[in-house]
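This report concerns only the one structure given below.
The values are calculated or read from the model by the stated rules, or taken from the named source; none is laboratory data. Only a predicted model underlies this, so the values are computations on that prediction, with no experimental measurement involved. Here Cβ is always computed from backbone atoms with ideal geometry, including for glycine, and neighbour counts include all displayed protein chains. Quick note on the areas: whole protein, heavy atoms, side chains included, nothing else; ligands and nucleic acids left out. Shrake-Rupley method; radii C 1.70, N 1.55, O 1.52, S 1.80 Å.
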Amino acid sequence: MIVMDEQIIIRILEFIPNRTDWNSVARCNKYIYNISKGILLPPWPTNFKLRVPGAGYGSDQKYTFLDRPTWSPDGTQIAGSAGGKIIIFDQRRGRLRFRHHGDNNNNSNINEIGWIAHDPTRNMNSEIRLIYSPDGSVLVSAASRPDWTLKIWKYNTNGDFKLIQEWNAHTDSTRNLYTACNFDISPCSKYIVVIVEQQILLKNIQNLKETIKSIVLPAWNYDDNVMFCKNDDHCSIFINIYDDETGEESIKIWRPYDAIDPEGDPDTTASLITIWESSVVSDYYDLALSHDNSMMAIFAHDKVMLYSVDNDTKSTALIQSVPANCRLDSMLNSIYFTPDDKCIVYTKAGCGLAFWNITTGKEITDQIKMTYHVNIKPRRCTKITVFFSPAGGAIRRLLVKDHNDTGYCIASYWEK
């Protein structure tokens, strides 16, 4: 039974971002100290760089920084890639060590940081993207050109991730593949949607070799991004499309099970509905969906625009917009929803990350305390990439990459 003093200590620990200070407070009480070894996790280190010594495969750099890190659904792990390797950081144990399931040359080594998931000789300069399934049961990795392979890894009782499936996109395409690898996992963790040039494929996560549904885009149309709606029984998929001939961009919804094709041909565009189009040719923009998929934020024309999304009528409506003040470097636009969908976060010239409260329609950046300070050059808007942790709490964690700096950093923020 937890006594009042212990409840107060646990509550206080929620507001301590520094790991050293957290451990000092936890040690003041025997009960708290004991559970801190198990169910009560210490905070992630503040401003911790995600990097690995000597993981560069031939590079003489002292450290290799992780590419495109991703959070586990419970926020206790961060997975990233470096030189063909998958590296995992754990909230309690730091960098995890594994057997090299994907490394044929080092299967005898059972105590390595990370494991070789994709051939480093073919993928040294290729982006490897990682996504945990929403239920946390598997980790999916995908290597872009020239390899273009998708692999599914499952955590086993030996403390390792074991390869359970592998699929090569060349088996579903007769063309040379030049685009980056983009995919997403459905909220039920049963399906994967994959972009392969002008094709969008819906696959069963248990059998990647079989395509359940597919759609072929018209000529000159290419996919920039794809994502599942997180709370839609109709299996809606949002697609960000670029027209290479006209330079126009658009956002469309694909509902694979709404398509009615009397001849049984799955390659149809009948269920592709346009919900937004850029009114300016070649205007660069960024897109974000709220976590309940009821809202869509677009960063374009030097504005942040918030739309409501009606998944039943397949339509959007502009709710409000605010000047973004980022004219100096429009190619550096980036926009995000906070995990609670309370705020929109975007890159703003002269101040780095700006927070915009959706309810009040006002910027509240001055009310946000962050442990990370962006290195901003005078009169410039630096590119900042952000990945928010799904875990809640008084202090929220996020991964930040300031493109004037090197690598991703674990930071924290809270409202004053």
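Restrict the check to the range 275-292 and report whether at least one residue is among the polar types (S, T, N, Q), at pLDDT 80 or above and not in a loop (DSSP other than H, G, I, E, B). Among the residues of the range 275-292, not one is among the polar types (S, T, N, Q), at pLDDT 80 or above and not in a loop (DSSP other than H, G, I, E, B), which makes the answer no.
Scan the range 187-214 for residues that are surrounded by fewer than 17 Cβ atoms within 10 Å (Cβ to Cβ) and touching a residue at least 60 places away in the same chain (Cβ under 8 Å) and the total you get is 0. Look at the range 10-26: where a residue is outside any loop (DSSP other than H, G, I, E, B) and a partner is open to solvent by 80 Å² or more (accessible area, probe 1.4 Å), sitting 6+ places away or on another chain with Cβ atoms under 6 Å, you get Ala26/Tyr33. Search the range 168-184 for residues being open to solvent by 10 Å² or more (accessible area, probe 1.4 Å) and in a strand (DSSP E or B), and hand back the single one that is modelled with the highest pLDDT. Here the residue is Asp184.
At least 3 residues being modelled with pLDDT of 85 or more is the threshold, and among the strands (runs of 3 or more DSSP E) wholly inside the range 336-377 those reaching it are 343-348, 352-357.
Residue count for the range 242-257 satisfying the condition of being more than 19 Å from Ile192 (Cα to Cα) and either open to solvent by 60 Å² or more (accessible area, probe 1.4 Å) or outside any strand (DSSP E or B) (or both): 6. The residues of the range 27-52 that are outside any strand (DSSP E or B), aliphatic (A, V, I, L, M) and in contact (Cβ under 8 Å) with a residue 12 or more places away in the chain, listed by number, are Ile32, Leu40, Leu41, Leu50.
Looking only at the range 67-85, residues that are open to solvent by 10 Å² or more (accessible area, probe 1.4 Å) and either outside any strand (DSSP E or B) or of a type outside the set (Ser, Thr, Tyr) (or both) come to 9 in all.
Would you confirm, using the coordinates I've provided, whether Thr149 is modelled with pLDDT of 75 or more and within 24 Å of Asp67 (Cβ to Cβ)? Taking the combined requirement at face value, the residue satisfies it.
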